[in-house]
Every structure is written in structure tokens, then in C-alpha cells.
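Presented below is the structure to which this report refers.
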Amino acid sequence: MEGVMDVKPGYKQTEVGVIPEDWEAVPIESLTPPNRKNGIVDGPFGSNLKTIHYRTSGIPIITSGYVTDGMFRADHYLYVDRSKFLEEKRSSVHPGDIVMAKIGERCGASAILPATHETGILSGNALKITVDEARHSTSYVWQVLWGFHVSGKLEVLRTVGAQPALSIANLKRFKIPVPSTNAEQRAIATALGDVDALLAGLDRLIAKKRDLKQAAMQQLLTGQTRLPGFSGEWEVKRLGEIAVIVSGGTPRTSEPTYWNGGIKWCTPTDITRHAGKYLAETERTISHSGLNNSGAVLLPIGTLLLCSRATIGELKIAAEPVCTNQGFKSLVCRPGTSNELLYYKLLTMKQQMVERAFGSTFLEISTRNVSALEVAAPPIDEQAAIAAVLSDMDAELAALEARRDKTRALKQGMMQELLTGRTRLV
């Protein structure tokens with residue numbers, strides 16, 4: 001928060017930070033329609049809405065899970081009959097209301113119930129806020145609440161219990177910055193809404209491209225569809241025939257000279273926390289002494305780093321020389337096998353690996369069982385051609401995801417400017 005000495009002319013210091021002089025910091029409850037009950041209300045108490053009340057049609061139940069990513073998404077509904085709805089009509093939710101998750105790790109996440117949606121009833125893990133549209137913009141209020149949720153500012157509303165939950169009383173008193181005119185509120189909401197629409201479009205395009213890639217993998221990796229210029233039979237071989245399978249090791253942790261050297265040392269966490277096909281960096285490194293005094297093996301660029309313990313089947317291609325801990329069965333391809341093609345083949349074989357795993361403390365697939373897995377593949381030139389097609393699709397997806405990330409960052413910057421009044425639109 002800016003200090004009092006930093007306040008520019010035309011601005012003032014408030015409980016919510018520095019805002020324009022003609023804005024106000026107001027409690028959320030004051031934004032609801034006057035003289036109307038239940039402007040901010042949660043779902044029925046648990047014993048008042050149980051599974052015995054659920055129906056296959058009727059009035060839809062609106063749950064917190066529909067709003068946790070900031071867009072209202074409902075794949076399927078449970079329902080109550082009209083008599084139950086009238087009994088619990090206090091918890092009714094109408095098109096245009098803000099629905100917020102009340103309970104759980106994502107409490108505070110919210111979305112606007114679409115104008116085309118029918119009236120519903122809240123579940124016990126959700127609440128709703130009805131904004132007086134004659135005085136305020138629902139979209140503006142939602143943008144502020146979503147921004148506060150993302151930045152963690154709504155955590156002050158949480159109560160202590162078995163799981164996180166929002167206090168309705170605290171929410172009603174919670175203050176947000178509000179422009180004095182409805183016109184300015186709507187102008188801000190429209191600008192941010194345009195970016196939201198762009199993000200939603202990118203999300204749809206990315207989902208479509210992912211579906212297309214999955215279909216291409218199914219067709220090309222099984223030979224159901226052949227690329228132009230290729231024909232002939234594919235050959236089935238075991239992984240042990242087409243790749244050298246290498247386990248890893250961990251230097252003694254009590255010996256500091258074995259660690260923090262120049263050799264990348266990979267754990268399954270490195271695989272799962274990095275996006276994309278290649279692994280170039282690891283969280284930890286070991287020294288040459290650590291390498292020489294452990295079961296770790298320095299693997300060449302292009303090695304398939306295959307998790308064989310816990311997160312079985314997750315993998316990356318080594319973009320740098322690297323060694324691993326014991327949670328891997330890495331594959332160094334022999335001549336005649338494309339590591340890129342084998343990467344895509346292994347992505348489709350995770351379930352097979354899990355089925356061949358064993359263990360009481362944690363599941364693990366052995367070198368022997370990895371070696372016995374069979375793959376069908378064409379000659380090396382067709383392997384390279386298939387891998388190139390799928391790699392191009394990966395690159396297109398990565399570019400779209402990068403564009404989406406930049407757009408999200410742009411929106412965050414816009415929110416900082418517009419929702420504080422630093423930049424004025426009217």
C-alpha cells in the first residue's frame with residue numbers, strides 16, 4: 001500500500017489503498033438491492049439439503065465446483081423438486097448473480113451465473129451475491145472480487161476449521177473500491193471482460209488443438225493412418241531390444257562434496273513440475289565425486305527420462321546431459337529407433353506400465369517389466385516423419401499456451417491499473 005506522503009493530487013488513502021477522490025471504499029453488503037432480503041446468502045445447512053432430496057430433473061443445484069476457475073462451467077447437474085426449492089427459497093440463485101465458493105481450498109473463487117441460465121438453488125458449499133444493477137455493475141464487482149481472490153486478499157475472510165471456509169458476516173463487511181458512477185464501473189468491466197473473452201477463446205482453441213493432437217497420435221502411432229510416401233509392415237519389438245534401460249542413484253546426502261556440482265541430477269518432481277517435452281534444468285546438481293560414488297549414471301542428450309516409481313509413466317527427453325535418482329528407468333535408444341517417436345509411443349503406454357508395477361510402500365515398475373513392453377514401429381525414416389508431425393503440433397500448442405500466459409499477465413496489469421483508478425477510462 002502506498003504511504004500517505006505518496007498520494008498524488010486527486011487521490012486519497014483508504015482502507016483498500018489509494019483510490020481516486022471520487023471513488024469510495026464500500027462494504028459489499030451495500031452493493032446489494034436495498035429493502036431486499038438475502039442479497040448475500042449461502043446454501044442450505046447440510047441437513048436441509050441431502051442426497052435424499054436430489055432428483056434427475058427440476059431446479060438445478062448450483063455448487064462451488066462450477067465457479068472455481070472464474071468461469072461458470074457445469075457439465076452436469078443434480079436437481080431438487082419445486083416443493084424443496086420453495087422450502088429453501090432463501091438460498092435461490094438467479095441469472096446475473098455472483099456465485100462464490102464458500103468452502104474448500106478454492107473458497108473465494110467466483111463467477112457470474114449466465115443471463116441465459118435458469119434459476120437454481122445453492123448447495124451448502126456455495127454462496128451468492130446479488131448486485132443492485134440500478135446503482136452498480138455486477139461485472140465490475142465480480143472483477144474486483146476475482147482479482148482479490150487471485151491475489152489472496154480474500155483470505156482474511158476465512159474461518160478456522162476442518163477445512164477453509166468464508167465467513168458470510170465478514171464478507172458482508174468486506175470493503176472494495178467502487179467508482180462513483182455506474183458508467184465508469186461498466187467501462188472498466190467491459191475492458192477487462194474483453195480480455196476475458198480473448199482468454200476464453202484461447203482456452204477453447206487450445207482444447208481443440210489438444211483433441212486434434214490426441215486423434216493424430218491415435219492414428220499415426222498405430223499405423224491406422226500412414227503419412228504420404230510410406231507403406232509396408234511395422235515391426236513389433238520389446239523396449240529392451242530397441243533401447244538400453246538405465247536405473248539411477250543418489251549420492252550420500254551426508255557428504256556435502258557430493259552435491260551442488262556441475263552435473264544435473266533429476267528426480268520425478270523435476271519431470272512433473274516442468275511443462276513441455278524436454279528437460280533442460282533440474283532443481284539439484286551433484287559433483288563428479290557424487291557421480292562416481294553412487295549408482296547415478298551420466299545420460300546423454302536425447303535420453304528418455306522415464307519415471308518408474310510413484311508417478312509411473314511420466315517422462316521427458318533430456319535436453320542436456322543428466323543423471324537421475326532411483327525413481328527412473330531411463331531409455332537410451334539404439335540405432336534405428338527415433339527417441340522422439342518412442343517418446344510419443346510411451347505417452348500412450350502409461351496404463352500398461354502401471355498394470356505391471358508392484359510394491360507395498362509405493363508402486364514401481366522393474367527394469368525387467370519395462371524391457372518386456374512391446375511397441376510397434378515402422379522403419380526409421382517413417383518414425384522421424386511421424387515424430388516431426390507430432391512435434392509441430394506440440395510447438396503450435398506451446399505457442400498458443402505462451403500467448404495465453406502473456407494475455408493473463410496483461411489482464412493482471414490492467415486490473416492493477418483499472419481497479420485502483422490509477423488509469424481512468426471515463
What number of residues within region 211-240 are surrounded by fewer than 14 Cβ atoms within 10 Å (Cβ to Cβ) and in a helix (DSSP H, G or I)? 6
All but one of (1) of a type in the set (D, E, K, R); (2) outside any strand (DSSP E or B); (3) under 26 Å from the mean Cα position of the chain (by Cα) hold for Lys128; state the number of the condition that does not hold. (2)
Can you say whether Met393 is open to solvent by 30 Å² or more (accessible area, probe 1.4 Å) and within 26 Å of Ser330 (Cα to Cα), as far as the supplied structure shows? yes
Just give me the residues in region 265-280 being in contact with a helix residue (DSSP H, G or I) (Cβ under 9 Å, 6 or more places away or on another chain) and either open to solvent by 40 Å² or more (accessible area, probe 1.4 Å) or at positive phi (or both), in sequence order. Ala275, Gly276
When every residue in region 10-56 that is of a type in the set (A, V, I, L, M, F, W, C) and open to solvent by 60 Å² or more (accessible area, probe 1.4 Å) is compared, the one nearest to the chain's Cα centre (by Cα) is Phe45
For region 281-303, which positions are within 30 Å of the chain's Cα centre (by Cα) and surrounded by 19 or more Cβ atoms within 10 Å (Cβ to Cβ)? Thr282, Thr303
Considering only residues of region 396-426 that are open to solvent by 70 Å² or more (accessible area, probe 1.4 Å) and among the aliphatic types (A, V, I, L, M), which is nearest to Ala200 (Cα to Cα)? Leu410
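Here is a yes/no grid of residues against (1) of a type in the set (A, V, I, L, M, F, W, C); (2) surrounded by 21 or more Cβ atoms within 10 Å (Cβ to Cβ):
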site	(1), (2)
Ser110	no, yes
Thr119	no, no
Leu122	yes, yes
Ala134	yes, no
Gly152	no, no
Thr159	no, no
Among the listed residues Thr348, Thr324, Thr337, identify the single one that is hydroxyl-bearing (Ser, Thr, Tyr), touching a residue at least 12 places away in the same chain (Cβ under 8 Å) and open to solvent by 60 Å² or more (accessible area, probe 1.4 Å). Thr348
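The values are calculated or read from the model by the stated rules, or taken from the named source; none is laboratory data. Owing to the predicted nature of the structure, the values given are computational and were not obtained by experimental measurement. Because the Cβ atoms are built from the backbone with ideal geometry, glycine has one as well, and the counts that use them run over all protein chains shown. The area values use the complete protein model at the heavy-atom level, side chains included, leaving out ligands, DNA and RNA. Shrake-Rupley method; radii C 1.70, N 1.55, O 1.52, S 1.80 Å.
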